Amino acid sequence: MRVLNRSVYVGPSLYAHFPVIRLELDLGLLEQWPTARLGAGFIDGLVAALPGLAEHGCSYREPGGFLRRLREGQGTWLGHVLEHVAIELQNVAGEDVTFGKTRGIDDDRPGVYAVIYEYAQREEGIAAGELALKLLESLLPAELRTPGSVPDGWEWDEALTAFIRYAQRRQLGPSTASLVRAAEERDIPWMRLNEQSLVQFGHGKYQQRIQATVTGRTSHIAVELASDKEETNKILGALGLPVPRQVMASSQTDAIKAANRLGGSVVLKPWNGNHGRGITIDVSGDDAIREAFNAAREHARSVIVETFQPGDDHRLLVVDGELVAATRRTPGHVVGDGRSTIAELVEVVNQDPRRGVGHEKVLTRLELDDAAVLMMERVGMAADSVPAEGEVVYLRATANLSTGGTATDVTDTIHPDNRDMAERAVRAIGLDVGGVDFITPNIAESYRTIGGAICEVNAAPGFRMHVAPSEGTPRDPAGRVIDMLFPAGASTRVPIAAITGTNGKTTTARMLAHITKMAGYTPGLTTTDGVYIDGQRTVEGDMTGPTSARMVLRDPQIDMAVLETARGGLLRAGMGVRHVDVGAVLNVAADHLGLKGIDTLEQLAEVKRVVVEVARECAVLNADDPQVLRMSAYTDARSICYVTMNPSHALVREHIRAGGGACALEAGVNGQMITLYDKGAHLPLMWTHLIPATLEGRALHNVQNAMFAAAMAHALGIRLDAIRQGLRTFDSTFFQAPGRMNVFEGHPFKVVMDYAHNAHAVAMMAELAQRLDVAGRRIVVVAGPGDRRDEDLVAIAGSVAGKFDHYIVRRDDSLRGRDGDEVPRIISDALRAAGVGDDAISVIADEQAAVDAAMRMGRAGDLVLVLADALTRTWKQITKFRADGEAPPAPVRAEPPTLSESEHDAATVAAMDGVVRDERGLVFEREEND
């Protein structure tokens, strides 16, 4: 068995609407060895390694179903087994994942499977797949194993424990995870911002952040005070709250003197420690004080010596000024039975199914480590000692759950005085979320009566003991925190619009972002040339995948997101968001076929359909494109808005009569009118010739793009006047829409530059050239990307053949696997086959030389259509062109800024590096434009 390819999908994709990993797995000879043939030894070994597989329902949808699949008939194939093992490994590590599916890739590749399984954390999910493969290989007969697949000395138990610890280092901690669950229950979106516990709740300007249980509202001064145990003690004592007497010590001698001055047993702890590290309680005697001082000194330069308060250890959790949970904590311990050693008793305790490695389960396994040895030595015992029946032997001085302690919820029994005391203590320090460590003999009685002391106040209190106590009622502190951050009625999401299609995505996205800005929003926009925040480009490069989508939603300035979503990003990593408010598919045309397993228009439509599958409010669909029209059956959006340039479209007419939404192009005395229909209302929007980007209505593809932008804006709740203003002020200059029908009229001839790079887009530009009034000749510079099929390049030639007077055929700078002149040769041969004469065809492979030749060929009254690849360079070449002896072109319209030579060289290097750098030089993943 070997993995041929692995793809990690971060969001909705062709395979699921949540994160999944897809492995392309080649079984090789094992295609002939389904599980039944491998026999009971393989199956029994698998179940022994992962007993939880017995709970997998598989296609039977009931516990034991997967085991039936393993044994019944000829069994199942190892790709399917790998899927279940990868899921179960994550379950063992504490993740709640269940989804998986395995299918043969195609009949021409027997034994090659697509294995798809859900994951919770990227690196953990990848590691689960790798370990699953090793486990299966280890269970195979030696003659069937892939050479080198199982290292010498490899042990399953060790590998599983290592995987669990690896996974837990990358998982959200229990407290952070509980906050995430609380947010999900309230339908609040969230994003993990680093590999630790920094999480963003909400989008854009509405976001709130947490780091573990510290919120973005937590006062820095309050955190500093809580970290300073001495200062905390002074502040609380000054308010009359119960605190132990303390003395700071910087040496063993100082500690002994302090203990003598305080009198009785004392506690030694680090000045600014946490998690109970370095604390020794109930200490007396000089030697014991020296030892305790050294333990504390390992964690801080200064050590606090304080009076020992007898009683039980309690954690009192206060959120937003109110006590929300109280827990009694007991240090990790064993209870003697008069027969077993301490080591044996530890093994018995660890058999409790609630105990696991680290934070894997609600309780943590007991460990006989150095700290436990020290505790046993203090009472004259060792691991092989046999405690008397009922004798309690503590293995930790502190009651932290992470070291094997247990927790009992006492929220319902806490005395009102103690409740008030905890709330006052947290308010005194200034924390919005704080945990008070309080020792008292009985939490149900007032500290004023029986005594008690606040040991410390924690600025980042853990929630695990409250969410999953060993005994008592589970509490929901995370929900209280989320409700504090997002009070009832508070906004958490920004409206999100996602746009896909073969052609028109960039222009439509820019139009929509411009409309939203005119309506008063601060939009974040992702496009093929960068990320824009409020109209300013913040990151340059092709940014149409999930990385850029999340970049926009993380920006604290935006309150609207417009996401151009390309085929490449969907196939490579999925979408960057789980849901969008409005999703639009403009068209599905032949482009990129034969790449990444997408060979037909139907398959391409299935990829692009993901955008409307995850739309919540409205799916905007091109009713004139059969592939797009069929997508209406796959969306759960509350409404569908059809866009049509055919006012007689029968289906759209019935949809409108049923109260559905539509955007139609209707003829009138004054031209063509873009019209909206919504719940029976007829809403004329504006004449197409008043939209600058349509070149007085002649550019029908931009008329359609404007219709989509208008329909989406209306679905987002934007006023009609704002939509009109946005369309009226959006043009096709290089500044507003680089590479999208940019017109330059500073020469005696007119130049139109466009990024059209497939037959459908090229045909639209050729059609525009026919509709424009041209007194002279029509000249075109044409090419095609090298990674397209030969038939796609021939189709590009067919789109322009017979519509121009002269054809200059070139190639892109990037050959994409082709020979140097292969693309120009295929296109020029296709032009000849379509009846274009040799004298009308010039093959000039280099793009700059081809553009220069077209410009020099131009005469007064001519139209030069340049289908460009290097947009900035080509636009600069067009605007700066001077024929021999000619004066500089007149600046007939505002020219956008262009790159200097040094800037262009830097951009070229970045492109060669395969990275994208923002204005500060930070590097981001390059996202493919298609």
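The values are calculated or read from the model by the stated rules, or taken from the named source; none is laboratory data. None of the values given here were measured: they were computed from a predicted structure. Reconstructed Cβ throughout: ideal geometry from the backbone, glycine too, with neighbour counts over all protein chains shown. Calculation scope for accessible area: heavy atoms of the full protein, side chains included, ligands and nucleic acids excluded. Shrake-Rupley method; radii C 1.70, N 1.55, O 1.52, S 1.80 Å.
For every residue, the table says whether it meets (1) within 22 Å of residue 467 (Cβ to Cβ); (2) β-branched (Val, Ile, Thr); (3) in contact (Cβ under 8 Å) with a residue 40 or more places away in the chain.
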{"site": "179", "(1), (2), (3)": "yes, no, yes"}
{"site": "185", "(1), (2), (3)": "yes, no, yes"}
{"site": "193", "(1), (2), (3)": "no, no, yes"}
{"site": "198", "(1), (2), (3)": "yes, no, no"}
{"site": "207", "(1), (2), (3)": "no, no, yes"}
{"site": "221", "(1), (2), (3)": "no, yes, yes"}
ask   = Listed residues 839, 790; which is surrounded by fewer than 17 Cβ atoms within 10 Å (Cβ to Cβ), more than 39 Å from the chain's Cα centre (by Cα) and charged (D, E, K, R)?
value = 839
request  = Just name the residue that is surrounded by the most Cβ atoms within 10 Å (Cβ to Cβ) out of those in segment 211-230 that are in contact with a helix residue (DSSP H, G or I) (Cβ under 6 Å, 6 or more places away or on another chain) and of a type in the set (A, V, I, L, M).
outcome  = 226
query = Do you know which residues across segment 446-469 are surrounded by fewer than 19 Cβ atoms within 10 Å (Cβ to Cβ) and not in a helix (DSSP H, G or I)?
reply = 446, 451, 468
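Okay, residues lined up against (1) on the phi > 0 side of the Ramachandran plot; (2) over 22 Å from the mean Cα position of the chain (by Cα); (3) surrounded by fewer than 20 Cβ atoms within 10 Å (Cβ to Cβ):
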residue	(1), (2), (3)
30	no, yes, no
53	no, yes, no
60	no, yes, yes
84	no, yes, no
97	no, no, no
query = Which pairs have Cβ atoms under 9 Å, sit 6 or more apart or on different chains, and link a residue in segment 386-399 that is open to solvent by less than 50 Å² (accessible area, probe 1.4 Å) and assigned to a loop (DSSP other than H, G, I, E, B) to one that is of a type in the set (Ser, Thr, Tyr) and modelled with pLDDT under 90?
reply = 395/403; 396/403; 397/280; 399/330; 399/406
inquiry  = Looking for something hydroxyl-bearing (Ser, Thr, Tyr) and under 30 Å from residue 609 (Cα atoms) - is there at least one such residue anywhere in segment 59-81?
reply    = yes
query = Which of the following residues is within 20 Å of residue 96 (Cα to Cα) and polar (S, T, N, Q): 7, 59?
reply = 59
note = Reported set for segment 544-592 where residues are under 22 Å from residue 702 (Cα atoms), modelled with pLDDT under 95, surrounded by 24 or more Cβ atoms within 10 Å (Cβ to Cβ) and among the hydrophobic types (A, V, I, L, M, F, W, C) is 566, 588
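Do we find a residue being β-branched (Val, Ile, Thr) and surrounded by 24 or more Cβ atoms within 10 Å (Cβ to Cβ) anywhere in segment 700-710?
No, segment 700-710 contains no residue that is β-branched (Val, Ile, Thr) and surrounded by 24 or more Cβ atoms within 10 Å (Cβ to Cβ).
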inquiry  = Between a residue in segment 801-828 that is in contact (Cβ under 8 Å) with a residue 12 or more places away in the chain and at positive phi and any residue that is of a type in the set (Asp, Glu) and not in a strand (DSSP E or B), which pairs come within a Cβ distance under 8 Å, given they are 6 or more apart or on different chains?
reply    = 816/787; 817/787
inquiry  = Quick check on my filter: what residues within segment 873-892 are touching a Ser or Thr at 6+ places or on another chain (Cβ under 8 Å) and either modelled with pLDDT under 90 or crowded, with 20+ Cβ neighbours inside 10 Å (or both)?
reply    = 875, 879, 889
ask   = Any idea which residue in segment 711-730 is surrounded by the fewest Cβ atoms within 10 Å (Cβ to Cβ), counting only those that are in contact with a strand residue (DSSP E or B) (Cβ under 9 Å, 6 or more places away or on another chain) and farther than 18 Å from residue 495 by Cα?
value = 728
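At least 2 residues that are closer than 27 Å to residue 472 by Cβ, under 48 Å from the mean Cα position of the chain (by Cα) and modelled with pLDDT under 95 in each: list the strands (runs of 3 or more DSSP E) lying fully within segment 242-349 that qualify.
Details: elements: 246-249, 266-270, 280-283, 303-307, 312-319, 322-330, 333-335.
Counting at least 2 such residues, we get 312-319, 322-330, 333-335.
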request  = Kindly indicate the residue of segment 593-609 that is surrounded by 15 or more Cβ atoms within 10 Å (Cβ to Cβ) and β-branched (Val, Ile, Thr) and also modelled with the lowest pLDDT among those meeting that condition.
outcome  = 598
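Listed residues 751, 762, 703, 774; which is part of a loop (DSSP other than H, G, I, E, B), among the β-branched types (Val, Ile, Thr) and out of contact with any Pro (no Cβ under 9 Å at 6 or more places or on another chain)?
Values: 751 fails: part of a loop (DSSP other than H, G, I, E, B); 762 fails: part of a loop (DSSP other than H, G, I, E, B); 703 fails: part of a loop (DSSP other than H, G, I, E, B).
Of 751, 762, 703, 774, the one residue that is part of a loop (DSSP other than H, G, I, E, B), among the β-branched types (Val, Ile, Thr) and out of contact with any Pro (no Cβ under 9 Å at 6 or more places or on another chain) is 774.
Within the group 247, 243, which residue is in contact (Cβ under 8 Å) with a residue 40 or more places away in the chain and under 21 Å from residue 441 (Cα atoms)? Give the steps one after another, and end with the answer.
Numbers: 247 fails: under 21 Å from residue 441 (Cα atoms).
Answer to the check: 243.
This table checks each residue for (1) in a helix (DSSP H, G or I); (2) buried (at least 17 other Cβ atoms within 10 Å of the Cβ); (3) modelled with pLDDT of 95 or more.
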position: 417; (1), (2), (3): yes, no, yes
position: 431; (1), (2), (3): no, yes, yes
position: 436; (1), (2), (3): no, yes, yes
position: 444; (1), (2), (3): no, no, yes
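So which of 334, 324 ends up being surrounded by 17 or more Cβ atoms within 10 Å (Cβ to Cβ) and either basic (Lys, Arg) or over 26 Å from residue 450 (Cα atoms) (or both)? Before the answer, list the steps.
Numbers: 324 fails: either basic (Lys, Arg) or over 26 Å from residue 450 (Cα atoms) (or both).
Sole residue among the options that is surrounded by 17 or more Cβ atoms within 10 Å (Cβ to Cβ) and either basic (Lys, Arg) or over 26 Å from residue 450 (Cα atoms) (or both): 334.
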Matching residues, segment 1-28, being buried (at least 18 other Cβ atoms within 10 Å of the Cβ) and of a type in the set (S, T, N, Q) = 7, 13
note = All conditions in (1) more than 45 Å from the chain's Cα centre (by Cα); (2) part of a helix (DSSP H, G or I) are true of residue 224 except (1)
query = Among the residues of segment 478-506 satisfying the criterion of being open to solvent by 10 Å² or more (accessible area, probe 1.4 Å) and of a type in the set (Val, Ile, Thr), which is nearest to residue 189 (Cα to Cα)?
reply = 492
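With in a loop (DSSP other than H, G, I, E, B) and either touching a Cys at 6+ places or on another chain (Cβ under 8 Å) or buried (at least 16 other Cβ atoms within 10 Å of the Cβ) (or both) as the only criterion, which of 636, 624 stands out? Give the steps one after another, and end with the answer.
On the way: 636 fails: either touching a Cys at 6+ places or on another chain (Cβ under 8 Å) or buried (at least 16 other Cβ atoms within 10 Å of the Cβ) (or both).
Going through 636, 624 in turn, the sole match is 624.
Which of the residues belonging to segment 719-744 are of a type outside the set (Phe, Trp, Tyr), in a loop (DSSP other than H, G, I, E, B) and either without any contact (Cβ under 8 Å) to a residue 40 or more places away in the chain or closer than 16 Å to residue 694 by Cα (or both)?
At the first step, the residues of segment 719-744 found to be of a type outside the set (Phe, Trp, Tyr) are 719-729, 731-733, 736-743.
Filter once more, keeping what is in a loop (DSSP other than H, G, I, E, B): 719, 729, 731-733, 736-741.
Correct list: 729, 731, 732, 733, 736, 737, 738, 739, 740, 741.
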task = Consider residue 392 carefully, then state whether it is among the aliphatic types (A, V, I, L, M) and within 28 Å of residue 167 (Cα to Cα).
result = no
inquiry  = Regarding segment 117-138, can at least one residue be identified that is surrounded by 14 or more Cβ atoms within 10 Å (Cβ to Cβ) and assigned to a strand (DSSP E or B)?
reply    = yes
remark   = Subset of segment 666-686, residues under 15 Å from residue 647 (Cβ atoms) and surrounded by 15 or more Cβ atoms within 10 Å (Cβ to Cβ), comes to 672, 673, 674, 675, 676, 677, 685
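In the set 752, 743, which member is farther than 21 Å from residue 498 by Cβ, of a type in the set (A, V, I, L, M, F, W, C), crowded, with 22+ Cβ neighbours inside 10 Å and in contact with a strand residue (DSSP E or B) (Cβ under 9 Å, 6 or more places away or on another chain)? Can you show your working first?
Details: 743 fails: crowded, with 22+ Cβ neighbours inside 10 Å.
It is 752.
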